[in-house]
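Take a look at the structure below.
Each value in this text was obtained by applying a stated rule to the coordinates, not by laboratory testing. Since the model is a prediction, treat every value here as computed from it, not as a measurement. So basically every Cβ, Gly included, is an ideal-geometry build from the backbone, and we count neighbours across all protein chains shown.
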């Protein structure tokens, strides 16, 4: 059974992701390790987004020209890595987890987890 307690090193966003995933899915040890890698990424994304909100989307370049805030590239890279980690766990990406998409394999996995829990509760 997956531990319900998130690592103490996580920030608020990482703890939220941890709790939502372990509440919805039964993870094997490899998936649990992937989740432990995904949660700090979510915390870092929250910090990056806060920095961007405090600044501007368009900043001044070295020659005074307008250019995209370089933190936007960092956010994109973090999101790419996070999505790959989540795919490794076979659980939804951020959009899928929020209900904006629901691939059938993910829906099947969530249902199987619920069925296993219900069966364990009946027999145990």
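As a proxy for reagent exposure, 63, 86 were ordered by neighbouring Cβ count within 10 angstrom, fewest first; the result is 63, 86. Counting beta carbons within 10 Å around each of 57, 71 and listing the fewest first gives the order 57, 71.
Footprinting exposure proxy ranking of 15, 67, 90, fewest other C-beta atoms within 10 angstrom first, gives 67, 90, 15.
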